[in-house]
Amino acid sequence: MVSPSARERFDEARLINIANGLTAARVLLVPYFAFLLISGRGKAALLVFAVCGATDVLDGVLARWLRQRTLVGTLLDPIADKLLMATAFIVLSYVHIVPLRLAVMVISRDIIILVGSFLYLLLFDASDIRATGLSKANTAVQVLTVIYFLAIAAFPAEAMALGTGRGTVPDRIVTMICATTTVVSGLQYLYIGIRKLSDA
């Protein structure tokens, strides 16, 4: 008979693998999401984006519930998130739904953070790396912005009836809010990095 402790360890390992599998599935869905959006299948693209969001929440819940994270999950999860968001903004810009300048801002911020994090890992204690409150707010704004524009792509007639869509006042407001939080968050990380380097 298998002891309870051994069974618990087996269940934890299995569920952690499931959490990592969900993250990997999110990465694999990114090119499919891009294909759907480019091919004009807005409703399907919105559905896939929602599925990706659900897997992100679910693998996080599993990791917290088990009170344990694997190295693969720790590395893969933020990569999956960044890849999905970057792809969303690039493709939305490619199909002329999101302004190109907004996509450039989002990608530039991500590059600054990735390069800065890499340098930080080389020079300082990795355990000190954590997202700021402004960064978390910006992430939420970016996600809502993508959902907003995907909804416009999925339901163009309804969006037009509501007075939303490319070139409208709501469109410009959403774009301005996302651009502002993205730039300010990027500058905050740049300031933090420069201060850390100067104090070293």
Residue in the stretch 127-144 that is among the hydroxyl-bearing types (S, T, Y), within 21 Å of A34 (Cβ to Cβ), outside the structural domain of L46 (by TED's automatic domain parsing) and within 21 Å of the chain's Cα centre (by Cα) present: yes
Check on A179, modelled with pLDDT of 95 or more and either under 27 Å from A54 (Cα atoms) or outside the structural domain of S39 (by TED's automatic domain parsing) (or both): yes
V141 being in a helix (DSSP H, G or I) and closer than 27 Å to K43 by Cβ: yes
Single residue of V174, V146, V169 found to be farther than 21 Å from A44 by Cα and surrounded by 18 or more Cβ atoms within 10 Å (Cβ to Cβ): V174
Only one of S135, S198 that is exposed (fewer than 12 other Cβ atoms within 10 Å of the Cβ) and part of a helix (DSSP H, G or I): S198
Which numbered condition G193 misses (of (1) touching a Gly at 6+ places or on another chain (Cβ under 9 Å); (2) under 21 Å from S93 (Cβ atoms)): (2)
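The values are calculated or read from the model by the stated rules, or taken from the named source; none is laboratory data. The model shown is predicted, which means the values in this text are computed figures rather than measured ones. Ideal geometry is used to build each Cβ from the backbone, glycine not excepted, and the neighbour counts take in all protein chains shown.
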